[in-house]
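In what follows, a single structure is set out as C-alpha cells and then discussed.
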Amino acid sequence: MIFTEYRNTFRWIMIAASFIIVSLILWKTYEFFQHFKEEERVKMENWSFAQTDLQKMNNLNADMGNLPLKVITSNTTTPMILVDSDGNISSFNNLDETKAEDSTYVKSLIYKFEKENTPIQVKQDGKIISTIYYGNSPLLNKLVYYPFALILIVVLFGAVIFFFYRSNKNATQNKLWSGMAKETAHQIGTPLSSLIGWTEILKSEQVNPEYIVEIEKDVDRLQTITERFSKIGSIPTLEVADIIKETIDAYDYLKSRSSKLIDFEIITPSGDIPVKLNKQLYSWVIENLVKNAIDAMKGRGKLTVEISQLENNVKVSVSDTGKGIPKSQFKKIFEPGFTSKKRGWGLGLSLTKRIIEDFHDGQIKVLQSEINKGTTIQIALMRAV
C-alpha cells in the first residue's frame, strides 16, 4: 500500500537519477573531447614549428638535425592540409590520395576543417608563409559516439532491471492471488458443507418451505462464491457461451437486490454473441463493476450496461452517474490495494482486471469519466470463432 501511494515519487526519483547520470556522462565526455582536441592542437602547433625550422634549414643549407623532420613525420592520425601564402596547396597528410587530387573535394575539406578547428598560421620572421588546416582525428570522431553508446547501455541496463522487477512482481502477485483464493475457497467450503446438511435436517423437520427456499438460495450463492475463488486460484477452463445471456443473468441478480432509487438499463443487440468464457468468473466481473457503479452513485442514479459487437470482438460497457474518477487514477484503480472507500480492500477491480486480461485474454479500461457526472468502464473480449 505504501509503495502504491508513493510509486510516482519513486518513479520521479529514478527519472531524476537517470537524468543526472546521463548528464554526468555527457559532461565528462565533453571534457575528454576538449582535452584530446587541445592535445591535437598542441601537436599541430609543434608540427608548424618544425615546418618553420625545416624551411629555415633548407634556406640556409644548414644541418639542424633530424628533430624537425621527425616531428613532421610523427603525425600519422590527424588529417591536415598545408596551404601556402598564395593559396596553393603545398602538402597534405592522412588523406585519401585519390580524392585529394580533386580540388573541389580538397576545398570542401578545408572548409570543414576550418569549422572543426581554428587554422594554425606558420610564420617566419613575422611573415605568414603558410596555413595549416586540420580536422579531428579518427579517435576524436569515434569519441563523439561514445556518450550515445553509454546512454544506450544505461537504458538497456535499466530495461533489464525494469522487466526483471515487473516479472518478479507479477509472479509474487500471482502466488498471492492463488494462495489467497484457494485458502478462501477452503475456508468457505467447511461451513458450507455444514449448512447443506442443516438444510436437509430442516426439510425433515417440517419447517416452512419458504424459509428452506431462501436458505437454499443463499447456499447456492455461497457455492458460486466458493467456485469463483477456487477457479481464480488456478487456470480456469473456458467454454463457448452467449455473453448476452451471461451478462443479463449477473445483471438481473444484482438489480433485484439493489436500491429501488437506481434506474437500471441494459442495451444489447439482437441474437447471440458467442465468446469463450468462464461463466462463474465472468459473472463475478459484471457484479464487481455493477457494485462499484452503485457505490459511486451512493445508491441513487442511473446505471447502464451496454453490449456492442464489432467484427472480431465484443464490448461490454458499464456506465454510472456517480462521482467520477480523476484522469490520473484511470490505471491506479485496477491496482491491488487501491481504493477510495473508507472500508474498502481495493481488490474488486484488481480481481476484475486479472479475470479479464489474464484468464480471458481481453482488455478492461476506464473509457471515460467526468467528476460528478459519471464513469464508463469498458471490457473488450474476442468473439469465439
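The values are calculated or read from the model by the stated rules, or taken from the named source; none is laboratory data. Please read all numbers here as calculations on a predicted model, not as lab measurements. Please note: Cβ atoms are built from the backbone with ideal geometry, for glycine as well, and neighbour counts cover all protein chains shown. Ligands, DNA and RNA are stripped out before the accessible areas are found, and what is left, the full protein with its side chains, is counted by its heavy atoms. Shrake-Rupley method; radii C 1.70, N 1.55, O 1.52, S 1.80 Å.
For segment 254-293, filtering for residues that are open to solvent by less than 70 Å² (accessible area, probe 1.4 Å), over 16 Å from Lys315 (Cβ atoms) and in a helix (DSSP H, G or I) leaves 10.
Per-residue answers, yes or no, for (1) β-branched (Val, Ile, Thr); (2) open to solvent by 100 Å² or more (accessible area, probe 1.4 Å); (3) assigned to a helix (DSSP H, G or I):
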position: Phe92; (1), (2), (3): no, no, no
position: Leu109; (1), (2), (3): no, no, yes
position: Lys112; (1), (2), (3): no, yes, yes
position: Ile132; (1), (2), (3): yes, no, no
position: Leu140; (1), (2), (3): no, no, yes
position: Leu150; (1), (2), (3): no, no, yes
position: Phe162; (1), (2), (3): no, yes, yes
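Remark: pairs (first residue in segment 212-223, closer than 15 Å to Gln280 by Cα; second residue of a type in the set (Val, Ile, Thr); Cβ separation under 7 Å; 6+ apart in sequence or on different chains) = Leu222/Ile188.
Filtering segment 294-334 to residues that are hydroxyl-bearing (Ser, Thr, Tyr) and either in a loop (DSSP other than H, G, I, E, B) or modelled with pLDDT of 90 or more (or both) leaves Thr304, Ser308, Ser317, Ser319, Thr321.
So that you can scan it fast, the table gives a plain yes or no per residue for (1) open to solvent by 30 Å² or more (accessible area, probe 1.4 Å); (2) at pLDDT 80 or above; (3) not in a loop (DSSP other than H, G, I, E, B):
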{"site": "Gly179", "(1), (2), (3)": "yes, no, yes"}
{"site": "Gln206", "(1), (2), (3)": "yes, no, no"}
{"site": "Ala241", "(1), (2), (3)": "no, yes, yes"}
{"site": "Lys245", "(1), (2), (3)": "yes, yes, yes"}
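Of the candidates Ile2, Ile13, the single residue that is out of contact with any strand residue (DSSP E or B) (no Cβ under 8 Å at 6 or more places or on another chain), at pLDDT 80 or above, open to solvent by 80 Å² or more (accessible area, probe 1.4 Å) and among the β-branched types (Val, Ile, Thr) is Ile13. Might you check whether a residue that is within 19 Å of Glu38 (Cα to Cα) and in contact (Cβ under 8 Å) with a residue 24 or more places away in the chain occurs anywhere in segment 104-117? Checked segment 104-117: at least one residue is within 19 Å of Glu38 (Cα to Cα) and in contact (Cβ under 8 Å) with a residue 24 or more places away in the chain.
Pick out the one residue from Leu281, Leu289 that is more than 26 Å from Val385 (Cβ to Cβ) and not polar (S, T, N, Q). After ruling out the rest, the residue left standing is Leu289.
The single condition among (1) out of contact with any Gly (no Cβ under 8 Å at 6 or more places or on another chain); (2) modelled with pLDDT under 90 that Ser259 does not satisfy is (1). Restricted to segment 135-169, and to residues there that are polar (S, T, N, Q) and farther than 30 Å from Asp96 by Cα, the residue that is modelled with the highest pLDDT is Ser167. Taking the conditions exactly as written (closer than 24 Å to Lys142 by Cβ, open to solvent by 80 Å² or more (accessible area, probe 1.4 Å) and modelled with pLDDT under 85), does Thr118 satisfy them or not? It is false that Thr118 is closer than 24 Å to Lys142 by Cβ, open to solvent by 80 Å² or more (accessible area, probe 1.4 Å) and modelled with pLDDT under 85. Set side by side, the residues Arg383, Arg354 differ, and just one is at pLDDT 90 or above and among the basic types (Lys, Arg), which is Arg383. Within segment 294-324, take every residue that is within 30 Å of the chain's Cα centre (by Cα) and either of a type in the set (D, E, K, R) or over 26 Å from Glu246 (Cβ atoms) (or both) and give me the one that is least open to solvent (accessible area, probe 1.4 Å). Per the stated criteria, the residue is Gly324.
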